[in-house]
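Everything below concerns the one structure shown next.
The values are calculated or read from the model by the stated rules, or taken from the named source; none is laboratory data. Computed from a prediction, not measured in an experiment: that's the story for all the values here. As a convention, Cβ positions derive from the backbone with ideal geometry for all residues, glycine included, and neighbour counts pool all protein chains shown. Accessible surface areas use protein heavy atoms only, side chains included; no ligands, DNA or RNA. Shrake-Rupley method; radii C 1.70, N 1.55, O 1.52, S 1.80 Å.
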Amino acid sequence: MSETESMRLDKWLWCARFYKTRSLAVEEIGKGRVTVNNANAKASREIRPGDHIHLRQGNIPKEVIVRGLSGMRGPAPVAQQLYEETAQSIAQREQLAEQRRLAPEPAEALAAQHTGRPTKRDRREIDRVRQDRSGWGDRWSASIDD
């Protein structure tokens, strides 16, 4: 960690390994998904140790406090020393993980539905519903029969 007083927000997010590239960090900042001290920020915003940063990684919201600055991207254990996640953020992340774990599997709902070609019985039922909705009854054309 270097002894710099401040650095760009996008570069810090990249160095702290929140985003894989600086351009991804800039994109997320531009979409308003990153705030510094509860205010919208630009990628060029200068951050300092002690700043509070709210961000989203995928669907996971995080709140971190800047603890250090680094001019280069290093290994993950070093990057984790650049910030401290708040207790509230950790609790919220664990709660969301539990909700995802308890949520029903979407594939089960699809498997429960009948897939593939309709059977003869299904086809008759489809035709019956279409005929009832059309309002034409047994008529074959829209012309008026005399």
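A few remarks follow.
- Test: R121 is closer than 19 Å to L9 by Cα, without any contact (Cβ under 8 Å) to a residue 24 or more places away in the chain and either open to solvent by 60 Å² or more (accessible area, probe 1.4 Å) or of a type outside the set (D, E, K, R) (or both): no
- Number of the condition not met by I53 [criteria: (1) farther than 26 Å from L96 by Cα; (2) modelled with pLDDT of 95 or more]: (1)
- For region 34-58, the set of residues classified as free of Cβ contacts under 8 Å to residues at least 12 places away in the same chain and at negative phi consists of A39, N40, listed by residue number.
- The strands (runs of 3 or more DSSP E) falling completely within region 26-117 that include 2 or more residues that are among the β-branched types (V, I, T) and open to solvent by less than 50 Å² (accessible area, probe 1.4 Å) map to 60-66.
- Output for region 26-79, where each listed residue is of a type in the set (S, T, N, Q) and farther than 18 Å from M7 by Cβ: N38, N40, Q57, N59
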